[in-house]
Amino acid sequence: MSAAERLAEIRGRLGAAALQANRDPASVTLVAVSKTFPPEAVMPLIDAGQAVFGENRVQEASGKWPILLARHTELRLHLIGPLQTNKVRDALALFHAVHSLDRERLAAAIAKEVAAGARCPEIFVQVNTGEEPQKAGVPPREAVAFVRRCREVHGLPVAGLMCIPPLEDAPGPHFALLRKIGEEAGTGALSMGMSGDFETAIAFGATHVRIGSALFGARG
Ligand SMILES: *Cc1c(COP(=O)(O)O)cnc(C)c1O
């Protein structure tokens, strides 16, 4: 299958899952996760009309995306992986959305750059729904207060929440928990669901699904 054919297949499944959940397919943004793949693998998807892409590392994206972004002004780049405070300036110059805000120091660093004139990204707070020690994200019980501090103390607009369920768990309960926290926090968007579980995530209200391997093939 060509990249364009894979994209059409995923778009079809996304639309069907949305309709099944009585949702408008246009309410779900497909973030095409191109990490580890070179620009040559990305270009056919751009040509097929895909405009939203995700990368998990600032440094990798800095090498790969500036030329593509300059050439295609409709593109929107989402950072879905961890962000170090010393990379915030580089990240905001490149990314239109950040899915991984999970600590106060990072909120302060983003706010400082925005105050200095950087473009304010669409912000998602990452929640560690499985409370895994090795995983990034705010613990579920602290998430609502954290969103409030981002807004009130740092003046950051928080658009939504993001989670990555533990590999060994059924994802549904994690998606349900993220949605419940989002309702309490008053955040509209939900970034959840990957290649293996995006249809489930859409049933639970995902507004952004992050899909890599189903579009680009297995990562090496
Ligand atoms: C790599 C990655 C994805 C995409 O995973 P696939 O299983 O390849 O679809 C989604 N979200 C995050 C945070 C990732 O790092």
Practice task
Specify the residue that is surrounded by the most Cβ atoms within 10 Å (Cβ to Cβ); the eligible residues are those in the range 39-57 that are within 16 Å of the ligand (Cβ to nearest atom), free of Cβ contacts under 8 Å to residues at least 40 places away in the same chain and part of a loop (DSSP other than H, G, I, E, B).
Solution key: 56
Problem - Condition broken by residue 118, with the remaining ones in (1) farther than 26 Å from residue 19 by Cβ; (2) among the hydrophobic types (A, V, I, L, M, F, W, C); (3) touching a residue at least 40 places away in the same chain (Cβ under 8 Å) satisfied - result: (3)
Exercise for the section: Name the one entry in 33, 52 that is touching a Ser or Thr at 6+ places or on another chain (Cβ under 7 Å) and at negative phi. Expected result: 52
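Consider the range 188-205. How many of its residues are closer than 13 Å to residue 17 by Cα and more than 12 Å from the ligand (Cβ to nearest atom)?
So in the range 188-205, the residues closer than 13 Å to residue 17 by Cα come out as 193, 197-205.
From the residues that got through so far, the ones that are more than 12 Å from the ligand (Cβ to nearest atom) too are 199-200, 202-205.
Within the range 188-205, residues that are closer than 13 Å to residue 17 by Cα and more than 12 Å from the ligand (Cβ to nearest atom) number 6.
Which one of these is in contact (Cβ under 8 Å) with a residue 40 or more places away in the chain, under 16 Å from residue 184 (Cβ atoms), among the hydrophobic types (A, V, I, L, M, F, W, C) and in contact with a strand residue (DSSP E or B) (Cβ under 9 Å, 6 or more places away or on another chain): 147, 138?
Numbers: 138 fails: in contact (Cβ under 8 Å) with a residue 40 or more places away in the chain.
Of 147, 138, the one residue that is in contact (Cβ under 8 Å) with a residue 40 or more places away in the chain, under 16 Å from residue 184 (Cβ atoms), among the hydrophobic types (A, V, I, L, M, F, W, C) and in contact with a strand residue (DSSP E or B) (Cβ under 9 Å, 6 or more places away or on another chain) is 147.
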Exercise for the section: Answer yes or no: is there a residue in the range 158-181 that is out of contact with any Phe, Trp or Tyr (no Cβ under 7 Å at 6 or more places or on another chain) and on the phi > 0 side of the Ramachandran plot. Expected result: no
Exercise for the section: Go through (1) within 12 Å of the ligand (Cβ to nearest atom); (2) farther than 21 Å from residue 15 by Cβ one by one and return the number of the condition residue 185 breaks. Expected result: (1)
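Among the residues of the range 58-82, what is the count of those that are part of a loop (DSSP other than H, G, I, E, B) and in contact (Cβ under 8 Å) with a residue 24 or more places away in the chain?
Let us first name the residues in the range 58-82 that are part of a loop (DSSP other than H, G, I, E, B), namely 65, 72-75, 80-82.
From what's left, in contact (Cβ under 8 Å) with a residue 24 or more places away in the chain: 65, 72, 75, 80-82.
Going through the range 58-82 one residue at a time, the tally reaches 6.
The numbers here are math on the coordinates, done by the rules we state, and not lab data. Note that the coordinates shown come from a computational prediction; the quantities given were computed from them, not determined experimentally. Glycine also receives a Cβ, built like all others from the backbone with ideal geometry; neighbour counts cover every protein chain displayed.
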